[in-house]
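Notes follow once the structure below has been shown.
Just so it is clear, none of the values below were taken in a lab; they were calculated from the coordinates. This structure is a prediction, so every number in the text was calculated from the model and none was measured. Glycine gets a Cβ as well: all are built from the backbone with ideal geometry, and neighbour counts include every protein chain shown.
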Amino acid sequence: MDIVDRIYYLLHEKRLSAKSLADYAGISTGNVSDWKARKSKPGINALPKIAEYLEVSLDYLLTGEEPMPKELDAEQRELIKLYDALSEVQRAEMRGYLKGLAAGTK
């Protein structure tokens with residue numbers, strides 16, 4: 001998945017329109033349409049506003065991965081990477097399992 005795929009995926013997931021993104025980022029809707037048609041990619045000056053609007057980090061927008069906070073130990077970072085590799089359905093199942101485990105019911 002590249003940056004354009006991530007942008008359109010996030011727009012879909014958050015039920016946002018390409019026009020609302022364009023308005024927020026101060027770019028034309030034609031530019032956003034050109035991304036989908038693979039005629040161009042977002043300009044570097046628009047990226048911070050796009051990330052802000054979609055509520056993701058620039059790192060995620062560019063690479064698809066969130067940076068790991070430095071205060072996490074190696075085991076915590078490994079668990080986050082494993083979690084990130086799960087589908088949304090698997091993540092929901094895992095959260096339910098962990099909540100039950102934490103509550104002492106599993």
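Magnitude of the charge dipole for the chain, about its Cα centre and with charges confined to Cβ atoms of Lys, Arg (+1) and Asp, Glu (-1), is about 380 debye.
Pairs of Cα atoms under 8 Å, at least six residues apart: use those to get the relative contact order of the chain, whole percent. List each step's numbers first, then the result.
Details: 64 pairs, mean separation 24.6, N = 106.
Relative contact order comes out at 23 percent.
Farthest towards the positive end of the charge dipole of the chain, among the residues Leu101, Gln90, Ser33, is the Cα of Ser33, using unit charges on the Cβ of Lys, Arg, Asp and Glu.
Sorted on the mean count of surrounding Cβ atoms within 10 Å across their residues, most packed first, peptides 5-14, 89-98 read 5-14, 89-98. Annotation note: trypsin sites (Lys or Arg not before Pro) in region 17-64 located in DSSP loop regions with a Cβ neighbour count of at most 10 within 10 Å are Arg38, Lys39. Couplings 3J(HN,Hα) for region 27-39, derived from phi with the Karplus relation 6.51 cos²θ - 1.76 cosθ + 1.60 (θ = phi - 60°), are 10, 7, 5, x, 4, 5, 5, 4, 5, 5, 7, 6, 8 Hz, where x marks Gly and Pro. With everything on Cα atoms, drop me the angle between helix 88-103 and the longest principal axis of the chain, reported from 0 to 90° to the nearest 10. Value to nearest ten degrees: 30. Between their Cα atoms, which of Lys41/Lys70; Lys14/Lys81; Lys39/Lys70; Lys36/Lys70 are more than 26 Å away from each other? Going by Cα-Cα distance, Lys41/Lys70; Lys39/Lys70; Lys36/Lys70 fall outside the 26 Å limit.
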